[in-house]
Amino acid sequence: MIVATALLLFVLELVRRRRLQERYSVLWLATGLTVLILAAWPALLARIADVLGIVTPANALFVVALGFFLAVMLHFSLVISRLSEQSNRLAQRLAMLEERVGPAPRKADRE
Amino acid sequence: MEAPAISEAAAPGAPFPRCLAIVPAFQERDAIAQVIADIRAHSPVDIVVIDDGSGDGTAAEAVRAGARVITLPFNLGIGSAVQTGYMAAQEGDFDVAIQVDGDGQHPAAEIGKLVTALGESGADIAIGSRFVGERHYRPTFARRVGIAVFARVVSAICGTRITDSTSGFRAGNRRAIALFAAAYPHDYPEVEAVIIAHRAGLRIVEVPVQMRTRQAGRSSITPVRSAYYMLKVLLAVAMLMLRRPVKLPEGS
């Protein structure tokens with residue numbers, strides 16, 4: 001419960017400082033909230049464990065948390081794929097523009 | 001080649017099409033000048049070298065050899081480099097684009113054959129194949145297996161015999177240029193590109209060519225990567241078939 005609260009506050013603080021965009025914080029906040037609710041309401045956790053056929057309720061918590069982490073990571077992969085597609089196109093356009101405009105004084109090869 | 005030299009702005013319908021040789025090069029400092037000289041010696045084509053963020057002087061070497069050079073700001077991989085070439089071909093309003101590897105394995109002497117094949121067959125893409133006609137190329141066993149698998153798969157999908165879909169030595173007309181400028185696969189792109197083209201309604205022919213061994217540098221395909229290469233390409237091909245085909249951009 002303490003951990004979940006800390007996670008929530010930490011994510012909110014990151015958003016407040018603009019280190020984390022709102023759109024990318026949603027999944028994290030959902031994760032923190034869910035874990036917090038489950039930690040604060042063991043009866044619900046026990047029900048979920050029962051439905052899923054898990055003997056130890058604590059393991060149900062892990063399963064739920066794992067599900068959220070997988071969702072977060074998949075989301076990251078999606079974002080990364082989109083970003084790399086975009087940076088690819090940008091690099092291509094930049095290279096063509098640089099060739100046309102004539103190189104601003106620069107070495108042909110930079111590294 | 002008996003084709004006339006190409007003026008800066010050939011009129012449409014000129015006897016020999018305006019051609020751009022796209023030369024993707026990644027760390028080919030030692031080979032690039034020879035490649036450019038070879039192309040010059042054999043074909044009246046414009047040349048653009050796409051330096052894929054080499055950082056080893058490849059671009060400077062190509063400039064010294066007199067080629068037009070587009071330098072990518074960082075390494076994007078062969079697919080994106082080639083695509084940049086197609087973008088340049090489209091922008092420059094070329095009739096034909098020919099892909100020629102920057103490592104010297106593609107014989108410039110055969111460029112004319114590819115361009116002629118386009119004109120004669122009416123196809124949109126001509127692939128220089130090592131496996132039709134006379135065979136001089138003897139790949140290793142593992143590579144033969146891979147190539148055979150690709151040949152089967154690609155031929156089945158395209159409904160025509162394509163023996164060397166991994167060959168990066170190919171020429172395309174305006175339709176191919178427009179398509180590839182808009183959509184080109186990223187890594188290990190050759191096989192996928194053939195299928196993208198086929199599904200966009202482009203016609204593909206194979207032309208027998210002889211390839212040389214590399215003049216310098218080393219192949220991007222090491223034995224370790226071969227298995228990954230096969231898997232990646234087969235997965236990508238499967239995905240391509242599940243997607244709706246890429247459409248040829250309007251007005252091309």
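The values are calculated or read from the model by the stated rules, or taken from the named source; none is laboratory data. Predicted, not measured: the structure shown is a model, and the values here were computed from it. Virtual Cβ from ideal backbone geometry, glycine too; neighbours counted across all protein chains shown. Ligands, DNA and RNA are stripped out before the accessible areas are found, and what is left, the full protein with its side chains, is counted by its heavy atoms. Shrake-Rupley method; radii C 1.70, N 1.55, O 1.52, S 1.80 Å.
Observations on the model:
- Residue in segment B:9-28 that is facing another protein chain (nearest Cβ under 10 Å), assigned to a loop (DSSP other than H, G, I, E, B) and at pLDDT 90 or above present: no
- From the list A:ILE48, A:ILE54, the lone residue that is more than 21 Å from the chain's Cα centre (by Cα) and outside any helix (DSSP H, G or I) is A:ILE54.
Table: residues versus (1) away from every other protein chain (no Cβ under 14 Å); (2) within 21 Å of B:PRO208 (Cβ to Cβ); (3) among the hydroxyl-bearing types (Ser, Thr, Tyr).
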residue: B:GLU61; (1), (2), (3): no, no, no
residue: B:VAL96; (1), (2), (3): yes, yes, no
residue: B:VAL100; (1), (2), (3): yes, yes, no
residue: B:GLY112; (1), (2), (3): yes, yes, no
residue: B:ALA142; (1), (2), (3): yes, no, no
residue: B:VAL145; (1), (2), (3): yes, no, no
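- In segment B:128-144 there is at least one residue that is closer than 17 Å to B:ALA171 by Cβ and among the polar types (S, T, N, Q).
- Just one of the listed residues (A:ALA30, A:ALA58, A:ALA95, A:ALA43) is of a type outside the set (D, E, K, R), open to solvent by less than 80 Å² (accessible area, probe 1.4 Å) and within 14 Å of chain B (Cβ to nearest Cβ), and it is A:ALA95.
- Scanning segment B:174-184 for residues that are surrounded by fewer than 24 Cβ atoms within 10 Å (Cβ to Cβ) and either touching a Leu at 6+ places or on another chain (Cβ under 9 Å) or within 21 Å of B:ALA238 (Cβ to Cβ) (or both) gives B:ARG175, B:ALA178, B:ALA182, B:ALA183, B:TYR184.
- Residues in segment B:158-171 that are touching an Asp or Glu at 6+ places or on another chain (Cβ under 6 Å) and in contact (Cβ under 8 Å) with a residue 60 or more places away in the chain: B:GLY168 alone.
- Residue list for segment B:63-76, filter: facing another protein chain (nearest Cβ under 8 Å) and either open to solvent by 30 Å² or more (accessible area, probe 1.4 Å) or in contact with a Pro (Cβ under 8 Å, 6 or more places away or on another chain) (or both): B:VAL63, B:ARG68, B:PRO73, B:PHE74
- The lone criterion from (1) closer than 18 Å to B:CYS19 by Cβ; (2) more than 19 Å from the chain's Cα centre (by Cα) left unmet by B:ASP38 is number (2).
- B:GLY122 being on the phi > 0 side of the Ramachandran plot, at pLDDT below 95 and within 14 Å of chain A (Cβ to nearest Cβ): no
- B:MET87 falls short on exactly one of the conditions (1) under 15 Å from the mean Cα position of the chain (by Cα); (2) of a type outside the set (D, E, K, R); (3) more than 8 Å from every other protein chain (Cβ to nearest Cβ); (4) closer than 23 Å to B:ALA123 by Cβ, and that condition is (3).
- Odd one out for B:ILE221, checked against (1) at pLDDT 70 or above; (2) of a type in the set (Val, Ile, Thr); (3) closer than 28 Å to B:ALA108 by Cα: (1)
- Given (1) under 29 Å from B:ILE32 (Cβ atoms); (2) at pLDDT 85 or above; (3) open to solvent by less than 20 Å² (accessible area, probe 1.4 Å); (4) of a type outside the set (A, V, I, L, M), number of the condition B:CYS158 does not satisfy: (1)
- Applying the condition of being open to solvent by 10 Å² or more (accessible area, probe 1.4 Å) and at the interface with chain A (Cβ under 9 Å from one of its Cβ atoms) to segment B:40-59 and asking which residue is modelled with the lowest pLDDT yields B:GLY55.
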